[in-house]
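Asks: Here you go, one structure.
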C-alpha cells in the first residue's frame with residue numbers, strides 16, 4: 001500500500017520526504033515517531049524516524065539498529081531504501097508477519113534517510129547541480145571557485161551529460177556499433193578516418209583561457225563521509241576543518257551517541273552492488289579474528305538475498321594501499337562504538353546488464369567497453385533515455401560542441417525508476433536480520449527464600465537471549481568500550497550488600513559456533529545474582545537489569 005501516493009518509483013524531494021515521514025508517523029503512532037536530530041548547513045532539519053512497538057516498551061529500553069543514507073549528494077537510491085525499510089516494517093507488522101512483530105516488540109530501528117539534505121536537493125533539482133557531498137564552500141569560505149570545470153546542467157534539460165569536442169588529439173572515438181558509447185584511443189592512435197574527441201563532463205569553465213580546461217579534484221570541496229573522527233586526517237580529500245566540523249556529521253554522531261542501545265550500524269550509499277565492511281585503513285590481519293568471522297557470517301545471509309558480495313574496503317577496494325580512506329561513518333561505528341558496521345553500495349548496472357558483478361576496481365578504472373555497451377543496450381529497454389544520442393550545442397565558452405552519452409546519475413549511480421523498488425526491497429530483510437542479531441537481556445529466574453525474622457534471600461537469573469554478546473564485538477570487549485550489566489533491587493533494605501551491582505557482560509549464542517565443534521556450550525550467556533534483604537512478608541520488590549546496549553528489563557517479586 002502506498003503512503004502519500006509514493007510507490008518507490010522515483011526519488012523524493014526534501015519537502016515530500018518530510019511529509020511522507022510525518023504521514024507514516026500519523027498512520028502508525030504506536031510504531032513510528034519522527035524528530036529532527038539537528039540542522040544541515042543551510043538550516044534544513046535532519047530527520048530521524050524511530051520504529052518500535054511502544055506498547056511493549058520505549059525505544060531506549062530495547063537494543064537498536066541504526067541506518068542512515070544520502071550522506072553523498074547524488075547517491076539517492078540509498079535514501080529510497082531507507083524509506084522503504086520504514087514502510088516495510090510497519091506494513092508487515094500490520095500484516096502479522098511473525099518475524100517483524102518480534103523485531104518491533106524486542107528491538108528498535110533508528111533510520112535517518114537523508115543525512116545531507118542540502119546536497120540531495122541540488123541533485124534532484126529541475127536544473128541539477130551535483131556535489132560530492134556538502135554544499136558548504138570549502139576550503140575558501142567566501143565561495144571562491146576553483147579554476148577549471150564546474151559540472152552543471154548548461155542546457156536546462158534536467159541532466160548533466162558529457163560534452164564531446166572534436167579534437168585530433170582527443171582520447172576517444174565512437175564505438176563501431178554504438179555511437180553513444182566511446183572507446184579509448186590506444187597507443188597506436190585511432191584508425192584512419194575516425195574522428196577523435198575530447199570528453200568533458202557537462203558544465204562551465206571558471207577562468208577559461210581558451211586553450212586549457214583544468215579539472216578541480218572536487219569543486220564542491222567537502223566530503224561529509226570523510227569528516228567522522230575515525231581515521232580523520234588532513235591528507236584525506238574533503239575531510240573538513242577538523243573531525244565533526246560539519247553540522248550534518250556532528251549531529252549524526254551526537255544522535256547515535258545519545259542512543260547507546262545502538263548495536264549495529266548501516267550506511268546506505270551507491271554504487272557497485274557491494275556490502276562493504278571495515279576497515280578502510282587497516283588490513284584484516286589487524287582486526288580481531290572473531291569479528292572477521294562474524295562479518296562473514298552476516299554476509300552468508302545478506303548475499304543470497306541481495307546478490308551483493310561482501311568486501312573489505314581496505315583489502316578488496318583500496319587500489320593504492322599507501323593512500324587509504326579515513327573519516328568514514330562505518331569505520332567510526334566499528335572503531336569507536338564497537339558495533340558491526342556496514343556500507344551498502346546499492347545498484348550495479350553491469351550486473352543487471354550482463355549477470356556479472358562489477359570488478360572491485362570499477363571505481364578507479366570504470367567499466368570495460370563491453371560492459372559499457374551492454375549497459376547502453378540494456379538501458380534502452382529498462383531505463384529509456386539513460387543514454388542520449390549526441391546532439392549539437394553552442395557552448396558559451398567552447399563554441400560548437402555535442403552533448404550526450406550516459407546520464408550517469410540515472411543509470412550508473414542510481415537504480416532507474418523501473419528497477420528501484422526491486423533493487424531495494426530485499427534489504428529490508430537484511431536490516432531485520434542485523435537488528436535481531438543484537439544482544440537481548442531477559443529475566444529468566446527469580447526466587448525469594450525466607451531466612452526468618454523478615455530476612456530474605458532474593459535470587460535473580462539473567463540471560464542474554466540474543467545472538468551477539470552484550471559487548472557486540474571483540475574489539476569493543478578488548479577496548480572496554482561498553483559498560484557492564486547492572487542489577488538493582490528496590491522495595492527492600494539490603495543487608496551487607498549493595499542494592500545496585502555491576503555483574504559484567506554476557507556471551508551470546510553466536511559464540512557457540514566457536515567451540516571447536518564440540519557441541520558443549522555451557523552457560524556463558526547466563527548469570528545469577530543474589531541479595532540478602534529485610535522486608536515484611538507480602539512486600540513487593542522490584543528487580544531491574546540494565547545495560548547500555550540492551551536497554552532495561554524489570555520484574556516484581558512478591559515475598560511470600
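The values are calculated or read from the model by the stated rules, or taken from the named source; none is laboratory data. Model, not experiment: these values are computed from the prediction. Glycine gets a Cβ as well: all are built from the backbone with ideal geometry, and neighbour counts include every protein chain shown.
Asks: When you scan segment 35-48, do you find a residue that is at positive phi, at pLDDT 95 or above and touching a helix residue (DSSP H, G or I) at 6+ places or on another chain (Cβ under 6 Å), even just one?
Replies: Here is the first cut: in segment 35-48, the residues at positive phi are 38, 43.
From what's left, at pLDDT 95 or above: 38, 43.
So of that shortlist, the ones also touching a helix residue (DSSP H, G or I) at 6+ places or on another chain (Cβ under 6 Å) come out as 38.
Yes; the residues of segment 35-48 include at least one that is at positive phi, at pLDDT 95 or above and touching a helix residue (DSSP H, G or I) at 6+ places or on another chain (Cβ under 6 Å).
Asks: Is it the case, given these coordinates, that residue 432 is in contact with a strand residue (DSSP E or B) (Cβ under 9 Å, 6 or more places away or on another chain) and in the same structural domain as residue 88 (by TED's automatic domain parsing)?
Replies: Numbers: in contact with a strand residue (DSSP E or B) (Cβ under 9 Å, 6 or more places away or on another chain): yes; in the same structural domain as residue 88 (by TED's automatic domain parsing): yes.
Yes; evaluated as a whole, the condition is true for this residue.
Asks: What is the number of the single condition among (1) without any contact (Cβ under 8 Å) to a residue 60 or more places away in the chain; (2) over 30 Å from residue 547 (Cα atoms) that residue 29 does not meet?
Replies: Every listed condition holds for residue 29 apart from (2).
Asks: For residue 149, all conditions in the list (1) under 25 Å from residue 71 (Cβ atoms); (2) in a loop (DSSP other than H, G, I, E, B); (3) in contact (Cβ under 8 Å) with a residue 24 or more places away in the chain hold save one; what is the number of the exception?
Replies: (2)
Asks: Also, quick follow-up: Evaluate the following for residue 73: is it in a loop (DSSP other than H, G, I, E, B) and in contact with a helix residue (DSSP H, G or I) (Cβ under 6 Å, 6 or more places away or on another chain)?
Replies: Yes, satisfied.
Asks: Among the listed residues 506, 513, 481, identify the single one that is assigned by TED's automatic domain parsing to the domain that holds residue 539, in contact with a helix residue (DSSP H, G or I) (Cβ under 9 Å, 6 or more places away or on another chain), in a loop (DSSP other than H, G, I, E, B) and under 21 Å from residue 437 (Cα atoms).
Replies: 481
Asks: A follow-up question, please. Of the residues in segment 32-51, how many are touching a residue at least 24 places away in the same chain (Cβ under 8 Å), part of a loop (DSSP other than H, G, I, E, B) and surrounded by fewer than 21 Cβ atoms within 10 Å (Cβ to Cβ)?
Replies: 3
Asks: Related question: If we scan segment 414-424, do we find a residue that is at pLDDT 95 or above, under 30 Å from residue 469 (Cα atoms) and surrounded by 21 or more Cβ atoms within 10 Å (Cβ to Cβ)?
Replies: Within segment 414-424, one or more residues are at pLDDT 95 or above, under 30 Å from residue 469 (Cα atoms) and surrounded by 21 or more Cβ atoms within 10 Å (Cβ to Cβ).
Asks: Take residue 405 and decide whether it is in the same structural domain as residue 378 (by TED's automatic domain parsing) and surrounded by 23 or more Cβ atoms within 10 Å (Cβ to Cβ).
Replies: Values: in the same structural domain as residue 378 (by TED's automatic domain parsing): yes; surrounded by 23 or more Cβ atoms within 10 Å (Cβ to Cβ): yes.
So residue 405 fits the description; yes.
Asks: Then there is this: Mind listing whichever residues of segment 144-181 are surrounded by 14 or more Cβ atoms within 10 Å (Cβ to Cβ) and touching a helix residue (DSSP H, G or I) at 6+ places or on another chain (Cβ under 8 Å)?
Replies: 159, 160, 175, 178, 180, 181
Asks: At pLDDT 95 or above, closer than 30 Å to residue 330 by Cβ and not assigned by TED's automatic domain parsing to the domain that holds residue 278, is that true of residue 160?
Replies: Spelling it out, residue 160 is indeed at pLDDT 95 or above, closer than 30 Å to residue 330 by Cβ and not assigned by TED's automatic domain parsing to the domain that holds residue 278.
Asks: Scan segment 228-262 for residues that are closer than 30 Å to residue 362 by Cα and either touching a strand residue (DSSP E or B) at 6+ places or on another chain (Cβ under 9 Å) or not assigned by TED's automatic domain parsing to the domain that holds residue 432 (or both) and jot them down.
Replies: Passing the criteria: 248, 252.
One line per residue, one yes/no per condition, for (1) closer than 30 Å to residue 453 by Cβ; (2) surrounded by fewer than 20 Cβ atoms within 10 Å (Cβ to Cβ):
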| position | (1), (2) |
| --- | --- |
| 468 | no, no |
| 488 | yes, yes |
| 496 | yes, yes |
| 503 | yes, yes |
| 515 | no, yes |
| 536 | yes, yes |
| 543 | yes, no |
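Asks: Quick one: which residue in 265, 208 is crowded, with 16+ Cβ neighbours inside 10 Å and in contact with a strand residue (DSSP E or B) (Cβ under 6 Å, 6 or more places away or on another chain)?
Replies: Exactly one of 265, 208 is crowded, with 16+ Cβ neighbours inside 10 Å and in contact with a strand residue (DSSP E or B) (Cβ under 6 Å, 6 or more places away or on another chain), namely 265.
Asks: Among the residues of segment 351-366, what is the count of those that are buried (at least 20 other Cβ atoms within 10 Å of the Cβ) and either under 16 Å from residue 409 (Cα atoms) or in contact (Cβ under 8 Å) with a residue 40 or more places away in the chain (or both)? Before the answer, list the steps.
Replies: If we filter segment 351-366 for residues that are buried (at least 20 other Cβ atoms within 10 Å of the Cβ), which is where we start, we get 352-353, 358, 362.
Filter once more, keeping what is either under 16 Å from residue 409 (Cα atoms) or in contact (Cβ under 8 Å) with a residue 40 or more places away in the chain (or both): 352, 358, 362.
The qualifying residues number 3.
Asks: Confirm whether residue 373 is assigned by TED's automatic domain parsing to the domain that holds residue 210 and either at pLDDT below 95 or touching a strand residue (DSSP E or B) at 6+ places or on another chain (Cβ under 7 Å) (or both).
Replies: no
Asks: State yes or no: is residue 141 over 27 Å from residue 365 (Cα atoms), surrounded by fewer than 16 Cβ atoms within 10 Å (Cβ to Cβ) and not assigned by TED's automatic domain parsing to the domain that holds residue 373?
Replies: yes
Asks: Looking at segment 174-188, which of its residues are under 44 Å from the mean Cα position of the chain (by Cα) and assigned to a loop (DSSP other than H, G, I, E, B)?
Replies: Those that are under 44 Å from the mean Cα position of the chain (by Cα) and assigned to a loop (DSSP other than H, G, I, E, B): 175, 176, 177, 178, 179, 180, 181, 185, 186, 187.
Per-residue answers, yes or no, for (1) at pLDDT 95 or above; (2) in contact with a strand residue (DSSP E or B) (Cβ under 9 Å, 6 or more places away or on another chain); (3) within 29 Å of residue 333 (Cβ to Cβ):
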residue	(1), (2), (3)
493	yes, yes, no
514	no, no, yes
534	yes, yes, no
541	yes, yes, no
549	yes, yes, yes
553	yes, yes, yes
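Asks: Being more than 14 Å from residue 440 (Cα to Cα) and out of contact with any strand residue (DSSP E or B) (no Cβ under 7 Å at 6 or more places or on another chain) is the filter here, so list the residues in segment 45-69 that pass it.
Replies: Of everything in segment 45-69, those that are more than 14 Å from residue 440 (Cα to Cα) and out of contact with any strand residue (DSSP E or B) (no Cβ under 7 Å at 6 or more places or on another chain) turn out to be 53, 54, 55, 56, 58.
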